[in-house]
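All remarks here apply to the structure that follows.
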Amino acid sequence: MSKLLKPKPLAIIVGILALLVISILFVRVPLPTILLPAEAIPGLAIGSFKITNTFIATILADIIVLALGFLAVRKMQDVPESKLQNIFEWVVEIFDGMLTDIGGKEKARSWLAVFLTILLFLLFANWLELVPGVDSIGYIEPLELAYAEKGVTVGY
């Protein structure tokens with residue numbers, strides 16, 4: 001008999017599932033609305049298209065991915081001497097093997113470039129968020145203006 005089918009573990013599992021169902025049906029927790037829109041940078045626009053801080057961070061992530069890819073393959077050799085080429089080959093082989101296991105060799109070769117491009121872009125875009133000042137480009141509103149907009153006086 002399985003350990004999970006014994007009376008005590010089974011009672012614990014049923015109890016946890018019952019509490020889960022009760023909490024979903026009867027206990028409603030309001031979810032907070034998290035809203036952080038991209039800020040348009042004053043003075044930067046292409047026609048009516050306003051350049052935002054997120055757009056600049058996206059372009060920066062694209063440039064980094066393209067530069068690293070170019071640097072990794074510019075002096076490509078059969079036996080890599082460059083650590084960057086070695087790292088890129090390692091990443092490509094890992095995902096090539098994974099995609100081959102999932103979909104076969106033909107589909108893996110056709111999807112590998114698309115998959116790795118999206119993955120590397122998202123990876124570097126998210127890593128750039130950790131660098132202070134990268135996505136916080138923009139106009140910093142003085143505290144007095146923010147309070148005046150809400151109708152609050154500033155007391156020092």
**OP:** Kindly indicate whether any position in region 128-135 is out of contact with any strand residue (DSSP E or B) (no Cβ under 8 Å at 6 or more places or on another chain), in a loop (DSSP other than H, G, I, E, B) and in contact (Cβ under 8 Å) with a residue 40 or more places away in the chain.
**Re:** yes
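Among the residues of region 74-103, count how many are among the β-branched types (Val, Ile, Thr), surrounded by 13 or more Cβ atoms within 10 Å (Cβ to Cβ) and closer than 20 Å to residue 124 by Cβ. First the steps, then the outcome.
The first filter runs over region 74-103 and keeps only residues among the β-branched types (Val, Ile, Thr), leaving 79, 87, 91-92, 94, 100, 102.
Among the residues that remain, those that are also surrounded by 13 or more Cβ atoms within 10 Å (Cβ to Cβ) are: 87, 91-92, 100.
From what's left, closer than 20 Å to residue 124 by Cβ: 87, 91-92.
Residues that pass the stated criteria total 3.
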- Message: On the basis of being in contact with a helix residue (DSSP H, G or I) (Cβ under 8 Å, 6 or more places away or on another chain), of a type in the set (Ser, Thr, Tyr) and surrounded by 11 or more Cβ atoms within 10 Å (Cβ to Cβ), does residue 58 make the cut?
- Response: yes
The residue that is farthest from the chain's Cα centre (by Cα), considering only those in region 75-105 that are small (Gly, Ala, Ser) and in a helix (DSSP H, G or I), is 103
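What is the residue count in region 30-70 for residues that are of a type outside the set (Gly, Ala, Ser) and touching a Leu at 6+ places or on another chain (Cβ under 6 Å)? Step through it out loud before you land on a result.
Step one: filter region 30-70 for residues of a type outside the set (Gly, Ala, Ser), giving 30-37, 39, 41-42, 44, 46, 49-56, 58-60, 62-66, 68, 70.
Imposing the further condition that a residue be touching a Leu at 6+ places or on another chain (Cβ under 6 Å) reduces the set to 51, 65.
Residues in region 30-70 being of a type outside the set (Gly, Ala, Ser) and touching a Leu at 6+ places or on another chain (Cβ under 6 Å): 2 in total.
Just to check your reading of the model, which residue among 100, 52, 58 is touching a strand residue (DSSP E or B) at 6+ places or on another chain (Cβ under 6 Å) and not small (Gly, Ala, Ser)? First the steps, then the outcome.
Numbers: 100 fails: touching a strand residue (DSSP E or B) at 6+ places or on another chain (Cβ under 6 Å); 58 fails: touching a strand residue (DSSP E or B) at 6+ places or on another chain (Cβ under 6 Å).
Being touching a strand residue (DSSP E or B) at 6+ places or on another chain (Cβ under 6 Å) and not small (Gly, Ala, Ser) holds for just one of 100, 52, 58, which is 52.
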Among 57, 38, the single one that is free of Cβ contacts under 8 Å to residues at least 24 places away in the same chain, within 28 Å of residue 131 (Cβ to Cβ) and among the small types (Gly, Ala, Ser) is 38
- Task: Report whether or not residue 34 is exposed (fewer than 10 other Cβ atoms within 10 Å of the Cβ) and part of a helix (DSSP H, G or I).
- Result: no
Scanning region 42-53 residue by residue, those surrounded by fewer than 16 Cβ atoms within 10 Å (Cβ to Cβ) and within 25 Å of the chain's Cα centre (by Cα) turn out to be 49, 50
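Among the listed residues 45, 72, which satisfies the condition of being of a type in the set (A, V, I, L, M, F, W, C) and assigned to a helix (DSSP H, G or I)? Outline the logic, then answer.
Working: 45 fails: assigned to a helix (DSSP H, G or I).
Every option except 72 fails the conditions.
None of the figures in this text is laboratory data; all of them are computed from the coordinates on show. What you see is a predicted model, and the numbers here were worked out from it, not measured in a lab. FYI the Cβ positions are ideal-geometry reconstructions off the backbone, even for glycines, and counts take in every protein chain you see.
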